[in-house]
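Engineer: After the structure tokens below, expect a handful of questions from me.
No value in this document is a laboratory result; all are computed from the given coordinates. Because the structure is predicted, anything quoted here is derived from the model rather than measured. With ideal geometry, Cβ positions are generated from the backbone for all residues, glycine too; neighbour counts draw on all protein chains shown.
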Amino acid sequence: MSEQKPPRYKPYNQPAGGWGAAGATAKVLLQQSVIGKGSKALLAMNQPGGFKCPSCAFPDADERKKLEFCENGAKALAWEATQFRAGRELFAQHTVTELMAQTDYWLEMQGRLTEPMRYDAATDHYVPCSWDDAFALMGRHLQALDSPHQAEFYTSGRTPNEAAFLYSIFVREFGTNNFPDCSNMCHEPTSRGLPPAIGVGKGTIVLQDFEHAEAIFVIGQNTGTNSPRMMSNLVEARKRGIPIVAVNPMPERALIRFAEPQDVVQMATFGSTEITSEFVHIRIGGDLALIKGMMKVMFEREAQGERVLDHDFLAEHTVGLDALRADVMAQDWNEIVQVSGISQAQIRRCAEIYIRSKATVICYGMGLTQHQYGSTLLQQVANLLMLRGNFGKPGAGIGPIRGHSNVQGDRTVGIDEKPKPAYLDRVQQVFGFEPPREHGHHVVESIEAMLDGSAKVFIGLGGNFIHAVPDTPRAYEAMRGLELTVGIATKLNRGHLVHGRDALILPVVARSERIVTPAGEQFVTIEDAMSNVTASRGVLEPVSAEVLPEVEIVCRMAMATLPHSRVDWAGCMHDYTPIRELIAAVYPEIYTGFNERIQQPHGFHLDIPPRRRVWPTPNGKANILVMPGLDVDAPVDDPEMLRLATVRSHDQYNTTIYSYNDRYRGVYNDRMVLFMNIEDRLARGLEKEALVSLETISGDGVQRRIEGLTVLDYPMPRGALAGYYPELNPLLPLDYYDRVSGTPAAKSIPVRMSAMVAVIA
């Protein structure tokens, strides 16, 4: 559990994956003292009858390998199966003030939470409390509010469908739609931007589409770190000779060359596969210019008499083509090149790859979503796909590569601050109460409500809210002004230490652990990023007798808060079959027969109408929507401005830091670094590995500054920087977000850089 060693920076020239991944997996199992236990659990991960990986949301193949996990999945498992314990002894030894002085990594390394804890203001310690007392405290606080809208109910994307559904029903019966959710901070533009275009806020591809695609575009997504199991699909595609176009301001190791750890021959021969056939080194925010440039090539060739567009598809299924053509043709090539940061020749090569392909998949990550106009940007991706009819046929469609394992499922079953009237009608019919109709708060709005004093209670169902959100010092201030904060979690994190006047830490059964209730052993369900729903059954024994499943926590919270509830919470608490029946009753179009269908070894796919070329939009068509201009963020008139993108290291998943290393980028024992183009560094007169500070350019009068960042030469575009999240979250203004989705624009923060003067001892 030692803290950091001296920083070291050394380029990583090996393929991603391979022996490096195998070694890292073994190391983390050893570090957490779970070699035997962890190995047993890994064999059950993502297998029929086993449990779903608690890390990413990438789907499982139908033809399962014996080892269906990746390096980061193994780390996530080791982290929750750890032999270390954050029990009452830890909290007796340290005040909250002392714990606050520790790093996030140190907090995580203390291990699993084992019993409910309550904050004692007199001693500044968390002290043990009973579950009954914890629920009674929550009930008293919630009942004492002047309005239900004074409470914020957060959800992590690890929460399974059953718990998320009950949570949504409890909160709505309580009387609010305040559902700040981890989706608000990453893929909310998918949920809000795609429905006006194609009628659903989800992807339209399934895993098998990779086998039929003739071209694959991966835009703004670091596949090898954030969804490593997708690399197997990309490797297979390249072996078939399929072009893969990677679009990113940062060249990522896995998308250059990858060695599959489960390929025995490749491992034995130290072989690897070159992944990207065309790397597009885009400027930060240059994606729209690339997309419009590709569309301009297509419209130009059409104007010359070449048949490039899928006219039959466009005529039958879409509206809005003429307006798009006019907008695209009005764009100037010089401006397209300048904004994208790449040559016209490369844009034409990308267009040619796209035109030649009869079936194209476009995948994307937060490089597209985390911009000020991220929602409308995704509509342009949909436009590009429509031009060639790349919906509703094998090997084609749009693929948001989501992060947390059930972030999509949570939204499907009701975690939504802007619920649709038809859904609310069904809730009323099924449960017999009138749910609130007005929209609730997303993440940014919830923090604003805390700051202005209108929010009094925060309940976090999983996650590390305080370090996931923007504007860290203001977020701290917001949370500390609350009357009650509740953290429902497996491990200690910063969110439990930045707390309200009253505070609770409530430990839960982990994904890899068995759920045994008075009704027998239970399972939960997860929806992956491609709308496949599968059962998840833990195989390890719970960390202690005092941890509770999320479902029971939600039910008992509801019973303590709503003594006259119309919902049979007691009937849902121990037997999860009735919960799935209720889900089916609220969502009959997609979940009818839920309990029967989930018995299939590989689960079942939810219906995605655009896969059938059916468009659940008001006009029944796929809508081609125009986005004027080429900017995905508001322009900043400052010659010193650099655009900062916050990114994750390879040894990190969301806010969880597994180590201080980022081996694919050559960083060891340090997270306070900035990746920068060498020409930008030299132009500022900075020495190699110079120490600098960054200050946000904003007009709200708040100074946001971070010092002590080491500049590392990295092949970034000119004018671009990248650094780690959550360390750089203090630079991201609360007000800097996409107005359609509420998603913070973390990939394009405007900053100024200053050299730090070395202090001579």
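Engineer: Sort all Cα-Cα distances of segment 191-236 into consecutive 10 angstrom bins from zero, then give the percent of pairs in each bin up to the one containing the longest distance.
Structural biologist: Cα pair-distance distribution for segment 191-236, in percent: 21, 44, 32, 2.
Engineer: In the chain, what percentage of the DSSP-assigned beta bridges are antiparallel, given to the nearest 5?
Structural biologist: Once the DSSP bridges in the chain are tallied, antiparallel ones form about 45 percent.
Engineer: To two decimal places, what compactness ratio does segment 625-695 give when its Cα radius of gyration is scaled by 2.2 N^0.38 Å?
Structural biologist: For segment 625-695, the normalised Cα radius of gyration is 1.46.
Engineer: Ok, one more. Taking a threshold of 25 Å on the Cα-Cα distance, which of the pairs K292/K418; K202/K292; K52/K456; K393/K420; K75/K418; K52/K239 fall above it?
Structural biologist: Beyond 25 Å: K292/K418; K52/K456; K393/K420; K75/K418; K52/K239.
Engineer: Based on alpha-carbon positions alone, could you give the equivalent ellipsoid semi-axes of segment 642-755 from the gyration tensor, as √(5λ), descending, whole Å?
Structural biologist: 22, 19, 12
Engineer: If one computes the Cα centroid of segment 568-600 and of segment 679-708, what distance in Å separates the two points?
Structural biologist: If we compute the Cα centre of each part, the gap is 53 Å.
Engineer: Debye calculation, C-alpha points only, no solvent: report log10 I(q)/I(0) for segment 287-355 at q = 0.13, 0.15, 0.20, 0.22 Å⁻¹, in the same order as the q values.
Structural biologist: Normalising to I(0) and taking log10 leaves -0.36, -0.48, -0.83, -0.97.
Engineer: Related question: Once every DSSP H run of n ≥ 4 in the chain is given -39500 (n - 2.57) and the sum is divided by its residues, what mean residue ellipticity at 222 nm do you get, rounded to the nearest 500 deg cm²/dmol?
Structural biologist: It lands at -9500 deg cm²/dmol.
Engineer: Can you run phi through the Karplus equation (6.51, -1.76, 1.60; θ = phi - 60°) for segment 210-217 and list ³J(HN,Hα) in whole Hz, with x for Gly and Pro?
Structural biologist: Per residue, the Karplus-derived 3J(HN,Hα) values read 4, 6, 10, 5, 9, 7, 10, 10 Hz.
Engineer: Would you work out the charge dipole size for the chain about its Cα centre, treating the Cβ of every Lys and Arg as +1 and the Cβ of every Asp and Glu as -1, and quote it to the nearest 20 debye?
Structural biologist: I would put it at about 1680 debye.
Engineer: Which of the GluC sites (Glu not before Pro) found in segment 306-353 are in a DSSP loop and have at most 15 neighbouring Cβ atoms, other than their own, within 10 Å?
Structural biologist: E306
Engineer: Using only Cα atoms, locate the centre of segment 418-463 and the centre of segment 362-416, then give the distance between them in Å, rounded to an integer.
Structural biologist: The distance from the Cα centre of segment 418-463 to that of segment 362-416 comes to 24 Å.
Engineer: Pull up all non-local amide H partners of Y364: gap of 5 or more, or a different chain, and H-to-H distance under 5 Å with H placed in the peptide plane.
Structural biologist: Counting only residues 5 or more places away or on other chains, the set is I219, G399, I401.
Engineer: Mind sorting S698, S531 by how few other Cβ atoms lie within 10 Å of their own Cβ, fewest first?
Structural biologist: Neighbour counts put them in this order, fewest first: S698, S531.
Engineer: Mind listing the phi-derived Karplus ³J(HN,Hα) values for segment 665-671, rounded to whole Hz, using 6.51, -1.76 and 1.60 with θ = phi - 60°, and x for any glycine or proline?
Structural biologist: In residue order, the calculated couplings are 9, x, 10, 10, 6, 7, 10 Hz.
Engineer: Restricting the count to DSSP beta bridges whose residues both fall in segment 188-405, what percent are antiparallel, rounded to a multiple of 5?
Structural biologist: Once the DSSP bridges in segment 188-405 are tallied, antiparallel ones form about 10 percent.
Engineer: Can you tell me which of 396-402, 487-493 comes out highest on packing, and rank the rest after it, using the mean Cβ neighbours within 10 Å?
Structural biologist: By packing density, highest mean first, the sequence is 396-402, 487-493.
Engineer: Which cross-chain or sequence-distant (5 or more) residues have an amide H under 5 Å from the amide H of D120, H modelled 1.01 Å from N in plane?
Structural biologist: H125, Y126, V127
Engineer: Please list, in chain and number order, the residues 5+ apart from I697 or on another chain whose amide H is under 5 Å from its amide H, with Hs placed from the backbone.
Structural biologist: Residues meeting the criterion, in which the H sits 1.01 Å from N, are V751, R752.
Engineer: Here's something else I'd like to know. Over all distinct alpha-carbon pairs, what is the Kirkwood Rh of segment 188-405 in angstrom?
Structural biologist: Across segment 188-405, the inverse of the average 1/r is 17.6 Å.
Engineer: Please state the equivalent ellipsoid semi-axes for segment 83-187: what are the square roots of 5 times the Cα gyration tensor eigenvalues, largest first, in whole Å?
Structural biologist: 28, 19, 14
Engineer: Which whole-number percent is the relative contact order of the chain (Cα, under 8 Å, 6+ apart)?
Structural biologist: 21 percent
Engineer: Still on this model: Once you have the Kirkwood Rh of the chain from its Cα pairs, apply Stokes-Einstein at 4 °C and 1.567 mPa s and quote D in µm²/s.
Structural biologist: The Stokes-Einstein estimate is 49 µm²/s.
Engineer: Starting from the Cα coordinates of segment 118-180, work out the convex hull volume and express it per residue in Å³.
Structural biologist: 128 Å³
Engineer: Could you tell me what percent of the DSSP beta bridges with both partners in segment 597-725 are antiparallel, to the nearest 5?
Structural biologist: Of the beta bridges lying entirely in segment 597-725, close to 55 percent run antiparallel.
Engineer: So, one more: Between segment 601-616 and segment 72-141, what is the separation of their alpha carbon centroids in Å?
Structural biologist: One Cα centre to the other: 41 Å.
Engineer: Here's another thing I want to ask about it. Check each of the chymotrypsin sites (Phe, Trp or Tyr not before Pro) in segment 615-669 and keep only those in coil by DSSP with at most 16 other C-beta atoms within 10 angstrom; list them in order.
Structural biologist: When the chymotrypsin sites (Phe, Trp or Tyr not before Pro) of segment 615-669 are filtered for loop state and at most 16 Cβ neighbours within 10 Å, nothing remains.
Engineer: Sticking with this one: In whole angstrom, how long is each semi-axis of the equivalent ellipsoid of segment 493-593, when you take the square root of 5 times every eigenvalue of its Cα gyration tensor and sort them from largest down?
Structural biologist: Here the semi-axes work out to 25, 19, 16 Å.
Engineer: Which whole-Hz ³J(HN,Hα) couplings does segment 639-656 yield from phi under the Karplus relation 6.51 cos²θ - 1.76 cosθ + 1.60, θ = phi - 60°, glycine and proline marked x?
Structural biologist: Going residue by residue, I get x, 8, 5, 10, 9, 9, 10, 8, 9, 9, 7, 5, 8, 7, 9, 6, 8, 7 Hz, with x marking Gly and Pro.
Engineer: Between E335 and R684, what length comes free when the chain is fully extended (0.36 nm per residue of separation minus the Cα-Cα distance, one decimal in nm)?
Structural biologist: 123.0 nm
Engineer: With the radius of gyration and the Kirkwood radius both derived from the Cα set of segment 572-704, what is their ratio Rg to Rh?
Structural biologist: Checking Rg against Rh, the ratio lands at 1.16.
Engineer: Using all C-alpha to C-alpha distances in segment 548-613, build P(r) with 5 Å bins and read off the rounded percent in each one.
Structural biologist: 4, 15, 19, 18, 18, 12, 7, 5, 2, 0
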